[in-house]
Amino acid sequence: MQHPIHRIIECRVLPPYGLNLKFEDGLEREVDLESILEGEIYGPLRDQVFFSKVVIDPEIQTITWPNGADFDPAVLHDWPTHSDSFAQAAKSWKQRSRSPKPASA
């Protein structure tokens, strides 16, 4: 199976948790990430100041945040196809982050 390679060339924050992304093939897409901002990696992005620190990594040409959160640009390119599965995964991330931690021995 061939995995498409896309590059993000522009990114603009659309508060509170949206992004306007432009890709190398001319596609421009708005993505709303609010429903997936859960768990250890994406949860910190709920802080709107932190969310606004998104940058395009010049080496891998996708969006990244200072805590290492990022997305495959091909997933963002085809976000309508992937958003539901990410939202489902976020529900499990949320449950895990709220589960009590086992006591250390």
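None of the figures in this text is laboratory data; all of them are computed from the coordinates on show. On a predicted model such as this, the values are computed, not experimentally measured, just so you know. Heads up, the Cβs are rebuilt from the backbone with ideal geometry, glycines too, and the neighbour counts pull from every protein chain shown.
Which entry in (i) 11.6; (ii) 8.5; (iii) 10.6 matches mean projected area of the Cα convex hull in nm² derived from the coordinates of this structure?
Among (i) 11.6; (ii) 8.5; (iii) 10.6, the one derived from this structure is (ii).
Calculate the dipole size of segment 8-98 relative to its Cα centre from +1 charges on Lys and Arg beta carbons and -1 charges on Asp and Glu beta carbons; express the result in debye to the nearest 20. List each step's numbers first, then the result.
Values: 9 positive and 16 negative charges, 105 e Å.
Roughly 500 debye, rounded to the nearest 20.
What 222 nm value per residue comes from the helices of the chain, counting each DSSP H run with n ≥ 4 as -39,500 (n - 2.57) and dividing by all residues, nearest 500 deg cm²/dmol?
Values: 4 runs with 33 residues, N = 105.
It lands at -8500 deg cm²/dmol.
Can you tell me the 0 to 90 degree angle between the C-alpha axis of helix 79-98 and the longest principal axis of the chain, rounded to 10?
20 degrees
If you stretched the chain out fully between ARG12 and ASP57, how much longer would it get, using 0.36 nm times the residue separation minus the C-alpha to C-alpha distance?
Extending this stretch completely gives an extra 14.8 nm.
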